[in-house]
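Step one of this worksheet: look at the structure below.
The values are calculated or read from the model by the stated rules, or taken from the named source; none is laboratory data. The structure presented is a predicted model; accordingly, all values stated were derived computationally and were not measured. We place every Cβ from the backbone using ideal geometry, glycine too, and count neighbours over all the protein chains shown. For accessibility, only protein heavy atoms count, side chains too; no ligands or nucleic acids. Shrake-Rupley method; radii C 1.70, N 1.55, O 1.52, S 1.80 Å.
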Amino acid sequence: MIHSEPKIKVALLQNYNEAHIALKGRFSLADGNAMEGQFTVRTNKGMIGVTDSSGTERFMQKEILLSAEDGAGFTVFDVKIGIDFHWQRSQEQSFRGNLFLSAGSDSSFNLINEISLEDYLESVISSEMSAQAPLEFLKAQAITARSWLVAMLAKKKTVR
């Protein structure tokens, strides 16, 4: 049983050595500083470096949490989708929620979206179903996706 809305962590990029992101709205760092604008993320010797659009390195850390303020979102450029399928391609994708960067090795990092369960489901439904689908189909897909996700979260808690 879930008593409060959980946060879902979704890996958007795994084992990348560089990414280009745009923060749309204010994002807070753990030290209280705020960021917005366009940035390049790179790894160097197990550390994640964040460089602004002027080329100035803003900081370098092993893990970075950017907490979205007041509905802020972010865009990740050149996201590979359909990996290893005949339709594999890169595209720009936008997300709501927090952005977590974690060093994966000396030369790679993971970019993770931390988002509320309901916001996650909203984005999943829109990616799994056509907007032209009948409303009842969309409702059924939302119930199915929510039920599956809650069951997976419950199973994960019992495994730990």
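Along region 96-105, what does the Karplus equation 6.51 cos²θ - 1.76 cosθ + 1.60 (θ = phi - 60°) give for ³J(HN,Hα), rounded to whole Hz, x for Gly and Pro?
3J(HN,Hα) across region 96-105, in whole Hz: 9, x, 7, 10, 10, 10, 9, 5, x, 7.
Calculate, in nm to one decimal, what SER130 and GLN38 gain on full extension: separation in residues at 0.36 nm each, minus their alpha carbon distance.
Net length gain for the segment: 30.0 nm.
What part of the accessible area of region 3-107, given as a whole %, is carbon or sulfur when the probe is 1.4 angstrom? Spell out each step's value before the answer.
Numbers: 2800 of 6370 Å².
Roughly 44 percent, rounded to a whole number.
Helix-only estimate, please: 222 nm mean residue ellipticity of the chain, summing -39500 (n - 2.57) across DSSP H runs of length 4 or more and dividing by its residues, to the nearest 500.
-8000 deg cm²/dmol
Between the helical axis of 117-128 and the dominant principal axis of the chain, each derived from Cα atoms, what acute angle in degrees is found, rounded to the nearest 10?
80
Taking Cα centroids, how far is region 1-78 from region 102-128 in Å?
A separation of 11 Å, based on Cα centres.
Skip the ligands, DNA and RNA, and give the accessible area per residue of the chain with a 1.4 Å probe, whole Å².
Accessible surface, normalised per residue, equals 63 Å².
Relative contact order for the chain: what is it in percent, counting Cα pairs under 8 Å that are at least 6 residues apart?
24
With angles folded into 0 to 90 degrees, how steeply does helix 135-159 sit against the dominant principal axis of the chain? Use alpha carbons for both and round to 10.
70
Residue by residue, what Karplus-based ³J(HN,Hα) values in Hz, rounded to whole numbers, does region 30-35 have, using 6.51, -1.76 and 1.60 with θ = phi - 60° and x for Gly and Pro?
4, 7, x, 5, 10, 9
Before anything else, pin down the relative contact order of region 3-85: Cα pairs under 8 Å, at least 6 apart, normalised by residue count, whole percent.
31
Report, by chain and number, residues whose modeled amide H sits under 5 Å from the one on GLY104, excluding near sequence neighbours (fewer than 5 apart, same chain).
PHE109, ASN110
If you plug each phi of region 77-86 into the Karplus form 6.51 cos²θ - 1.76 cosθ + 1.60 with θ = phi - 60°, what whole-Hz ³J(HN,Hα) values come out, in order, with x for Gly and Pro?
8, 6, 7, 7, 10, x, 4, 6, 9, 5
Considering every Cα-Cα pair within region 1-119, what fraction, in whole percent, is farther apart than 20 Å?
Of all Cα-Cα distances in region 1-119, 42 percent exceed 20 Å.
When you count, for each residue, the other Cβ atoms within 10 Å and take the mean per peptide, how do 142-155, 106-119 rank with the highest first? Before the final figure, lay out each step's value.
Working: 142-155: 12.9, 106-119: 17.8.
Descending packing order for the listed peptides: 106-119, 142-155.
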